[in-house]
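What follows is a set of notes on a single structure, which appears directly below.
Only the coordinates and a few stated rules stand behind these numbers; no lab work does. Just so it is clear, the model here is predicted, and its values are computed rather than measured. A quick note on method: Cβ atoms are made from the backbone with ideal geometry, for glycine too, and the neighbour counts reach across all protein chains shown.
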């Protein structure tokens, strides 16, 4: 079967990214295990958590490499796979691009030694924003290209020719390839995959004892651990349910969207936002991260206010897209 040029080009680009990611992940795992890194806080379990998370990234890039093989062999599952990878890359890279732009406009406090660097941090943030923007364009390219009708037909293949009785050999009917996965279904699959990945944070809950910020209140100790485990369990169950098209998962996903909107709306309150800033300072202190200003030895906390409105707009947009996807594919779950 002839491979479209765009598929070959996409496979080459994904293969290069996979090789770079595999190499980087292996180096990171080896450095975390065998080398002393002063950047790692001396907190029990941090090194093991970093190994687990880096190992998860290694598995992801190995999956990307396997997708490259499927693309060269024109396997139908490879088209779905690169659509999921492209969706993840587009969303994550676009988010990071926005963060870098905001950091350039309102840079965080830096140590005194770092401020004397000949390269301005604004230039560094701008370069990182451009890099993430380029990666997001690659993800958008994959999402658009692999949803084109000719590309779907190339991966689905054509059925053998069917000759109807009474027709001559010149009048041959060729069955059309089956339709691929709908676009909004792909959005739900990507979302479900991200929720399943939240299981990687279970070791973090037990080892770090991280406090939890909920509606302006900070939970600590066993209450925070129990709440985090319950939320992670809900996300994992919801991820499986959305993939398996369970009816209860559709209703729970809608409820989760409402919960997300309420959490975002609570940050608009100045009192809640002040508590959130103090919570961030507490987290940085627990990790041993302290940034001091040139005229002070006390910890300087980054001003999150400039990021509030753009972040709220971004998250509301994400919630709107996911909710619309659930509404569009409701027949998959409600069996109406």
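Things to note:
- Spin-label pair residue 245-residue 197: with each label point 7 Å from Cα along the Cα-Cβ axis, the two points sit 2.6 nm from one another.
- Inter-probe distance in nm under a simple model that places probes 7 Å from Cα toward Cβ, at residue 327 and residue 226: 3.7
- Packing-based ranking, highest mean first, of 249-261, 70-82 given that Cβ atoms within 10 Å are counted: 70-82, 249-261
- The simple Förster model, with R0 at 45 Å and r as the Cβ-Cβ distance, assigns residue 209 and residue 153 a FRET efficiency of 0.25.
- Residues 84, 268, 101, arranged from fewest to most other Cβ atoms within 10 angstrom of their Cβ, appear as 268, 101, 84.
- Protection proxy ranking, peptides 213-220, 50-57, average beta carbon neighbours within 10 Å, highest first: 50-57, 213-220
- Efficiency of FRET between residue 271 and residue 19 - r from beta-carbon atoms, R0 56 angstrom, step 0.05: 0.70
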